[in-house]
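Here's the structure, in structure tokens; my notes come after.
The values are calculated or read from the model by the stated rules, or taken from the named source; none is laboratory data. All values derive from a computational prediction rather than experimental measurement. Here the Cβ positions follow ideal geometry from the backbone for every residue, glycine too, while neighbour counts run over all protein chains shown.
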Amino acid sequence: MDDYPTGLLVGALVLLIAGSAFFSSSETGMVALNRYRLRHLARQGNRAARRVESLLKRPDRLLGTILIGNNFINNAAATLATLLGLYWFGELGTAMAPVVITLVMLVFAEVTPKTFAALRPEAIAFPSSVILKPLQLLFTPLVWLVNTIGNGILALFGIRPDHGGEDHLSAEELRTVVNEAGGLIPEQHQSMLLSILDLENETVEDIMIPRNEMVGVDVDDDMDEILETLRSSQHTRLPVFKGDPNQMIGILHLRKMTRLLLKPEINKAEILQYAVDPYYVPEGTQLHRQLINFQNAKRRIGVVVDEYGDVLGLITLEDILEEIVGEFTTDLAASSQDIHPQEDGSYLVDGSTHLREMNRVLEWQLPTDGPKTLNGLITEHLQDIPDANTSVRVGDHLIEIVQVKDNMVKTARVRHIDLVEPVTDD
């Protein structure tokens, strides 16, 4: 000890503690990095990101380099601390040195740097990669030896470090990422992204215009009725059929018929010249698939048919887009033709209204995994065609049948259960 100045030894110990802090923080920083942000930065040409990404391709080699360096430094620091303890306090110092150096290393070389690295991984990982890259080459023989032994042990459990798992996100994981984005993604954009993910869980039957609500042109009608339908229609595309929707002829695009409708006299043959072949959509088609099908077929409206070829309804491109961006109106309840708010807080709802539309308009949680319409929900719970003034409770909602017509619920009064005073037993 007399041959080495005490100050030099203390300085060396401080440097070793700093080196241990470097390796400890580097390890945590590398592991805590957001891999998707790292990949994005690397593709944008960030050199530090590319360097880190190359290091992380073989985590066994990276961790081997870090741990070898950290263990060398920690052992050297412990030896120096023991020598200083012996020099300053004699035999008592050799007993005190392990305790003191452990506390110092925990605070300054482990907890503090690792906590900082976990909070600011890029601030640690990117600069440290400049040193770790050449160290990995320098320690190559020792890293190879250690990793060969370690990988051999892992191989006994069927684990191959060079065949690491890909960083892929499932739909549910991606949903969590979007939800956790907070202020990084505007709320409206979050809603749209989540709606896109929901498209694979919904089918065309969930949002189609049911057959009984279809507005179309029946060529068996009188010419005056056909013209009235064409001129008063709020839709730009109308199906054309003969007597029954199952006898579908085609689809009319009213904007292309503007000049024809201005003529004083029109016959059915002239109208049918503007009809294009119908585009059929099988029931059960998922919305995300149908969106792509519309794009590939260059169509905006499809006729939904069941396995027997019977027409179930119409699905439009606009319907799917509204599932993503929401309804093109601000007051949904006021604009809905099937949902009418009442002064007592209840709603008069048409029985053919889709449950998903009610949930979207009223922000309720009616079950949608079974029947698609309010009428179907009521009949499923009652297991019968109900009479007027019959009530049924579905979850947190009370449904009162107001009108029954043609063996189906025509109108029902629906209210949230919170709006109903609790019933107490006498």
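Things worth noting here:
- Test: residue in the stretch 72-87 that is assigned to a helix (DSSP H, G or I), of a type in the set (S, T, N, Q), assigned by TED's automatic domain parsing to the domain that holds ILE149 and modelled with pLDDT of 90 or more: yes
- Unique match (being under 41 Å from the mean Cα position of the chain (by Cα) and either closer than 27 Å to THR65 by Cβ or without any contact (Cβ under 8 Å) to a residue 24 or more places away in the chain (or both)) among LEU92, LEU132, LEU137, LEU103: LEU132
- Test: residue in the stretch 268-286 that is within 19 Å of ILE324 (Cα to Cα) and hydrophobic (A, V, I, L, M, F, W, C): no
- Flag for HIS163 being at negative phi and modelled with pLDDT under 75: yes
- Number of the condition not met by ARG61 [criteria: (1) surrounded by 16 or more Cβ atoms within 10 Å (Cβ to Cβ); (2) within 34 Å of the chain's Cα centre (by Cα)]: (2)
- Tally of residues being closer than 19 Å to PRO239 by Cα and of a type in the set (Phe, Trp, Tyr) across the stretch 280-320: 2
- Residue within the stretch 224-237 that is closer than 29 Å to GLU200 by Cβ, of a type outside the set (S, T, N, Q) and touching a residue at least 24 places away in the same chain (Cβ under 8 Å) present: yes
- Scan of the stretch 190-232 for residues that are within 21 Å of ASP350 (Cα to Cα) and surrounded by 14 or more Cβ atoms within 10 Å (Cβ to Cβ), ordered by number: VAL204, GLU205, ASP206, ILE207, MET208, ILE209, PRO210, ARG211, GLU213, MET214, GLY216
- Qualifying residue in the stretch 166-189 (condition: modelled with pLDDT under 85, surrounded by 15 or more Cβ atoms within 10 Å (Cβ to Cβ) and not in a helix (DSSP H, G or I)): yes
- Checking each residue in the stretch 103-123 for being closer than 14 Å to ALA18 by Cβ and surrounded by 14 or more Cβ atoms within 10 Å (Cβ to Cβ) picks out VAL104, MET105, PHE108, ALA109, GLU110, THR112, PRO113, PHE116.
Each row is one residue, and each column tells you yes or no for (1) within 42 Å of the chain's Cα centre (by Cα); (2) at pLDDT below 90.
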residue: GLU202; (1), (2): yes, yes
residue: MET214; (1), (2): yes, yes
residue: ILE249; (1), (2): yes, no
residue: LEU254; (1), (2): yes, yes
residue: LEU260; (1), (2): no, yes
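- Filtered residues of the stretch 8-38 (kept if among the hydroxyl-bearing types (Ser, Thr, Tyr) and either modelled with pLDDT of 90 or more or surrounded by 15 or more Cβ atoms within 10 Å (Cβ to Cβ) (or both)): SER20, SER24, SER25, SER26, THR28
- Filtered by the rule that a residue be surrounded by 17 or more Cβ atoms within 10 Å (Cβ to Cβ), touching a strand residue (DSSP E or B) at 6+ places or on another chain (Cβ under 7 Å) and of a type outside the set (A, V, I, L, M), the stretch 334-389 gives ASP338, SER346, TYR347, ASP350, GLY351, SER352, THR353, HIS354, LYS372, THR373, ASN375, PRO386.
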